[in-house]
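A quick write-up on the structure given underneath.
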Amino acid sequence: MYTTEFLDIPPLAGAHGTVTLPGSKSISNRVLLLAALSRGRTVIHDLLDSDDTRVMLAALAQLGCDVAHSGSTTVTIGGLGGQAPRSPARLFMGNAGTAMRPLTAALSVLGGDFELSGIARMHERPIGDLVDALRQLGCTITCTGVEGYPPLRIGQPALRLDAPVRVRGDVSSQFLTALLMALPLAGHRASMHGEAARDIVIEVVGELISKPYIEITLNLLARFGIAVRREGWQRFIIPAGSRYQSPGEIHVEADASSASYFIGLGALVAPGADGQGIRIQGVGAASIQGDIRFVEAAQAMGRT
């Protein structure tokens, strides 16, 4: 595959210092939406300050959530707690896929009069597989431009929870994440209409890609009171009666992918070299992100 079979890098004479990394984008926008859907107030620490999170925060405020900033990385969200979001709402999502996809699913289940659009590049990013899965559930979604792509118009659903919701797993893990975050709302909405509580099942069609990102979603759902049962990677079950509840406070882990560069730097230092090594703040070995396993490569080199 490569013309060079290996790259021989000599050990560094020394490297030391402390680096504080920004919060993970994947975790930040998941936590923002989960806080918005929960009962109670959630104080979110170490939130990533980026275009994607600003887009999500603006959308949540527009939908009726109480959003209070304390500096650039701490935000308090007053959740909707099962109440209907403010409608009608015209939401501009920029190019933030981590905001567009889960918000599409959540708003489609909650119902209202919503339009979601973005920059031209966002309108080229496919969302058809998620839209198809939500339509199976009885959600009302119209692609107002090209079918299968934003912009989208969302109306009131007529939810059907008697059969598994099926979604392709080989396109984007964000589609499954969006469903996992939205479907607890479907059970709550059904119970408000006098229907008997029941488990909600998602079935993945084909091989599921990016499993570590689904692990992140499941871990965060559990912190907000939703204990999803998983049967392999093909079937996910949201228990009857599931309700979102704020954990009160939550810290966003630093981005493990960014941490890997500094882990690699430390691993290249010669044993016994001067300096105290590299200290990485914001993420540790107990991280819920798959990329933290890069630490194992450093450990295999005899580094700690």
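Bear in mind these aren't lab numbers, they're just calculated from the coordinates by the rules spelled out. If you're wondering where the values come from, they're calculated on a predicted model, not measured in any experiment. Because the Cβ atoms are built from the backbone with ideal geometry, glycine has one as well, and the counts that use them run over all protein chains shown.
In this label model, Ala240 and Asp51 are separated by 4.6 nm, measuring between points 7 Å along each Cα→Cβ vector. Spin-label pair Glu5-Ser258: with each label point 7 Å from Cα along the Cα-Cβ axis, the two points sit 3.9 nm from one another.
In the chain, the DSSP beta bridges split such that about 55 percent are antiparallel, to the nearest 5. Calculate how steeply helix 173-192 sits against the longest principal axis of the alpha-carbon atoms of the chain, using the helix alpha-carbon long axis, and give the answer as 0 to 90 degrees to the nearest 10. So the helix axis and the longest Cα principal axis differ by about 40 degrees. Our note on the geometry: Cα centres of region 194-224 and region 9-24, 36 Å apart. For Arg166 and Asn219, the difference between the fully extended length at 0.36 nm per residue and the C-alpha to C-alpha distance is 16.9 nm. Amide H to amide H, with H built 1.01 Å from N, Arg198 comes under 5 Å of Gly241, counting only residues 5 or more places away or on other chains.
Neighbour counting of Cβ atoms within 10 Å sorts the residues Val55, Val31, Val171, fewest neighbours leading, into Val171, Val55, Val31. Computed about its Cα centre, the charge dipole of the chain is approximately 840 debye, with only Lys, Arg, Asp and Glu carrying charge at their Cβ. A cut-off of 5 Å between modelled amide H atoms, ignoring neighbours fewer than 5 places along the same chain, links Gly277 with Ala15, Gly17. For the chain, the longest principal axis of the Cα atoms and the long axis of helix 211-223 meet at an angle of about 70 degrees. Here the residues Met122, Met100, ranked from fewest to most Cβ neighbours within 10 Å of their Cβ, fall in the order Met122, Met100. Net length available on complete extension from Glu296 to Arg86 is 70.9 nm, with 0.36 nm assigned per residue and the Cα-Cα distance removed.
Kirkwood hydrodynamic radius computed over region 1-86 comes to 15.4 Å, based on all pairs of distinct alpha carbons. Angle of helix 256-267 to the longest C-alpha principal axis of the chain, folded into 0 to 90 degrees and rounded to 10: 10°.
Per the Debye calculation on region 132-197 with a single equal scatterer at every Cα and no solvent contribution, log₁₀ I(q)/I(0) for q = 0.26, 0.27 Å⁻¹ amounts to -1.30, -1.34.
Estimated from helical segments only, the mean residue ellipticity of the chain at 222 nm is -10500 deg cm²/dmol, where each DSSP H run of four or more residues counts as -39500 (n - 2.57). Computed from the Kirkwood radius of its Cα pairs, the Stokes-Einstein diffusion coefficient for region 57-98 at 10 °C and 1.306 mPa s stands at 138 µm²/s. A P(r) calculated from all alpha carbon pairs of the chain, with 20 Å bins opening at zero, reads 32, 52, 15, 1 percent.
Multiplying the residue separation of Arg229 and Ala285 by 0.36 nm and subtracting their alpha-carbon distance yields 17.7 nm. Look at Ile237, Ile288, Ile9, Ile200 and count the other Cβ atoms within 10 Å of each Cβ; fewest to most, that gives Ile9, Ile237, Ile288, Ile200.
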